[in-house]
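The values are calculated or read from the model by the stated rules, or taken from the named source; none is laboratory data. All values reported here derive from a predicted model rather than from experimental measurement. Here the Cβ positions follow ideal geometry from the backbone for every residue, glycine too, while neighbour counts run over all protein chains shown.
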Amino acid sequence: MFIHKVLMRKFLVLILLLCPFALAQESPGLGVPASPEEVAGWDISIGPEGENLPAGSGTVAQGASIYAVQCFACHGPNGEGATNDRLAGGHGSLETANARKTVGSYWPYATTVFDYVRRAMPFQQPGSLNDGEVYALTAYLLNINGIVDEATVLNAETLPTIEMPNRDGFIWSSEVR
Amino acid sequence: MSDTDDSVDQIEAVAANGLLHRRAFLKTGALVTGGATFLSAQAAPPEVDAWSTVPGRPPEAYGNRSDFESDVLRTPGFSPPALGAGASRTPHGSLEGMITPSALHFERHHNGIPNIDPDEHRLLIHGLVDRPLIFDLETLSRYPLVSRIQFLECSGNSRLLDADQPVDGSAQSIHGLLSCSEWTGVPLSILLDEAVIQTEGMWVLAEGADSSLMTRSIPMSKVRDDAIIALYQNGERLRPGNGYPMRLFLPGWEGNTSVKWLRRIKVTEAPTMTRDETSKYSDLRPDGSAQLFSFQMGVKSIITSPSGQQTMRGPGLYQISGLAWTGAGRISRVEVSADGGRSWGDAELSGPVLSKALTRFRMPWRWNGGPALIQSRAYDETGAVQPTRTALISQRGTQYNYHNHAIQTWQVSSNGEVSNVYS
């Protein structure tokens, strides 16, 4: 009787220990398979190696024209900043008590500029620029930060090769190292 | 009366300048009676109040609070023309307990609150999975749900404490990017298991359906630990400002990672290095380097009553009340000081003390009418202690911008005014 009780208790403990895991695996299985075409339509994210960059290309000069119409009101002349973020300058300011984080002084990856502008800008009409226009704007923003010259043409091949000045300025927190 | 109270206070004192053991409230019956006498002498109520003589309003389809509470509000802030890129803060100085009413939960948006039709909204899970899958709200609601009471804090909360000079602020303006709700949703790991993660899948990218299509990269370990797709907040469907109809919820982590209006989860090998995890929400240090992926919110506490921009009504017995929390788990202890941190006494933790939830603490305080500097200091179950502002700044400078969990000081002046100071 005594042995039975002990065994039963051990058995119950085992059940209790296993239960959460057993429950965690339980799924009604209601997900609907997504076709490659559906996934391609949704997946606009660009990785730091240039993964998933689309076709198209743009120049610094084209970007300057688009900037004047789409970006100037919030970001000011030459990316100096206005009602919203400063986009250029600030080089060498990160160690000071008045750090100015811009695309040129702070951002570690040029691919992020393309990804962010395409998904979120211009603020009042996100998603309204075509891929060539986004390449052009990216080229312009890099040019006003002195990272690429005026003759630069950006596309899926050239964008990932851009070395951002603050590329090595970041460390990963101990939470993910 | 004061002689008697002084003798009681000497027995019950837990720290200098009037901090008392919680028994003080139970033993000072004389004071309570005295207070009641004072009230009745001030304003004798009519035998029957006006509202007792007429029929009241009929029942309401959706409840409203009393008209007399209409000034308890969030404080929306934004810079035109980008009206949707702003925040609203929880009025902690007017609230009690551990749960934030849904209508007063803080908000932080990057391009406004989308008006999402739940029948049209879809969630796609893809990337390094064997079976890319699409879910809608109705099917997700059939999955095993879990409910947890947990805090959400923007990592920019309390950023004002980085200022060189103390700002004239309140618990709301300084610490209002913090709230706590009961969140109900589907563990994300169940959905990922259904999609079958490939072995290289170490991160996920979460994307929102707002017009900034906000994205953050999340390590798979967090997904496995306690990430959920939240569908309900305090029992009802999420509020639009908090991600309706579905949001990622990552307990204890900086609020920005709990992506609202969730529409896509992409399993990846490495982080995608999005704008919000590199150029924002990274921690700039004095040497010019910056830290990425500091997700967990530190051990922290604030005093909500009395708090900044409030006025105390004369000397006497009060209750100091505040909130403590930690992204590491449970709060184990909160101390309160009324003399700027020279002496400390243990506050009472008002249960339940839940993991990654706000914990309410309280401490009786007999204010003698003189100047006082009140502070709280939290400890968590991992042994972490809330640092002083001086210690935090000496360690990481003032450009860090995020994760400020320093001890904050309210100064009570002789005229009863409460203000934010550095001490």
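Annotations
- Taking the criterion of being in contact (Cβ under 8 Å) with a residue 40 or more places away in the chain, touching a Leu at 6+ places or on another chain (Cβ under 9 Å) and crowded, with 21+ Cβ neighbours inside 10 Å, the residues of the range A:116-133 that qualify are A:Arg118, A:Arg119, A:Met121.
- Count of residues meeting criterion [away from chain B (no Cβ under 11 Å) and charged (D, E, K, R)] in the range A:72-96: 2
- Considering residues of the range B:140-167 that are within 14 Å of chain A (Cβ to nearest Cβ) and hydrophobic (A, V, I, L, M, F, W, C) only, the residue nearest to B:Met246 (Cα to Cα): B:Leu140
- Residue selected from the range B:221-253 under the condition away from every other protein chain (no Cβ under 13 Å) and among the aliphatic types (A, V, I, L, M), by the criterion farthest from B:Pro132 (Cα to Cα): B:Leu238
- Total residues in the range A:119-177, condition in a strand (DSSP E or B) and either within 14 Å of chain B (Cβ to nearest Cβ) or among the hydrophobic types (A, V, I, L, M, F, W, C) (or both): 5
- The C-beta contact set for the range B:115-139 (first residue without any contact (Cβ under 8 Å) to a residue 24 or more places away in the chain and within 12 Å of chain A (Cβ to nearest Cβ), second residue assigned to a loop (DSSP other than H, G, I, E, B) and of a type outside the set (Ser, Thr, Tyr), distance under 7 angstrom, 6+ apart or interchain) comprises B:Ile134/A:Gly31; B:Ile134/A:Ala34; B:Ile134/B:Arg122; B:Asp136/B:His121; B:Asp136/B:Arg122; B:Thr139/A:Leu30.
- Test result for B:Ile197, buried (at least 24 other Cβ atoms within 10 Å of the Cβ), more than 24 Å from the chain's Cα centre (by Cα) and modelled with pLDDT of 95 or more: no
- Residue in the range A:89-109 that is among the aliphatic types (A, V, I, L, M), buried (at least 18 other Cβ atoms within 10 Å of the Cβ) and in contact with a Pro (Cβ under 9 Å, 6 or more places away or on another chain) present: no
- In the range B:254-295, the residue that is farthest from A:Glu38 (Cα to Cα) out of those that are at the interface with chain A (Cβ under 7 Å from one of its Cβ atoms) and assigned to a helix (DSSP H, G or I) is B:Thr278.
- Selected residue (criterion: nearest to the chain's Cα centre (by Cα)) from residues of the range B:146-181 that are in a strand (DSSP E or B) and among the small types (Gly, Ala, Ser): B:Ser179
- Within the range B:373-393, at least one residue is surrounded by fewer than 18 Cβ atoms within 10 Å (Cβ to Cβ), closer than 30 Å to B:Ala227 by Cβ and of a type in the set (Val, Ile, Thr).
- Members of the range B:210-247 that are out of contact with any Leu (no Cβ under 9 Å at 6 or more places or on another chain) and assigned to a loop (DSSP other than H, G, I, E, B): B:Asp210, B:Ser211, B:Ser212, B:Leu213, B:Met214, B:Asn234, B:Gly235, B:Arg239
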